[in-house]
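These notes are about the structure you will find just below.
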Amino acid sequence: MATIEEFRKLELKIAEIKEVVEHPNADKLYVITLDLGEKTKQVVAGIRLSYAKEDLVGKQVVVVDNLDPVVLRGVESQGMILAASDEAGISILSPLRKMKLGSIVK
């Protein structure tokens, strides 16, 4: 179990998807450019089988902003888009209304 203090260490923020390209070395991954208002980030996300690129651009999502960068199949990922999954597939988490980019999720 995680303590509330451990949970508070995560920086969850609202970002907008600006660009989506297929990962060059993985059929299930996209390389996504995110706008967090004051900065942009690149993340690698395993949502390619659930979403078309054109359905993602312009969408606001919840992102873990303070993860250490990791290289996934040769491409650096600088955060994580939050998503839920069940037997029907993957659904990314989005606010119900447009939010200011970089807004903190709590």
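No value in this document is a laboratory result; all are computed from the given coordinates. Values in this document were obtained by computation on a predicted structure and should not be read as measured data. Because the Cβ atoms are built from the backbone with ideal geometry, glycine has one as well, and the counts that use them run over all protein chains shown.
The table for this structure:
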item	result
Gain on full stretching of the segment that runs from D86 to K18 - 0.36 nm per residue minus C-alpha separation	21.8 nm
Label zone at K9, where the point sits 7 Å out along the Cα-to-Cβ direction: the stretch 75-98 residues whose backbone N lies under 11 Å	none
Spin-label pair V71/E38, simplified geometry with 7 Å Cα→Cβ offset, distance in nm	3.0 nm
R0 of 25 Å, Cβ-Cβ distance K28-M1: FRET efficiency to nearest 0.05	0.25
Cα-based Lys proximity count in the chain, under 17 Å, for pairs eight or more positions apart or on separate chains	21
Loop-resident sites, the stretch 50-105, for GluC sites (Glu not before Pro), counting at most 14 other Cβ within 10 Å (DSSP)	E87
Over the stretch 11-92, equivalent-ellipsoid semi-axes from the Cα gyration tensor in Å	18, 15, 13
Semi-axis lengths (Å, descending) of the ellipsoid that matches the C-alpha gyration tensor of the stretch 1-57	25, 16, 10
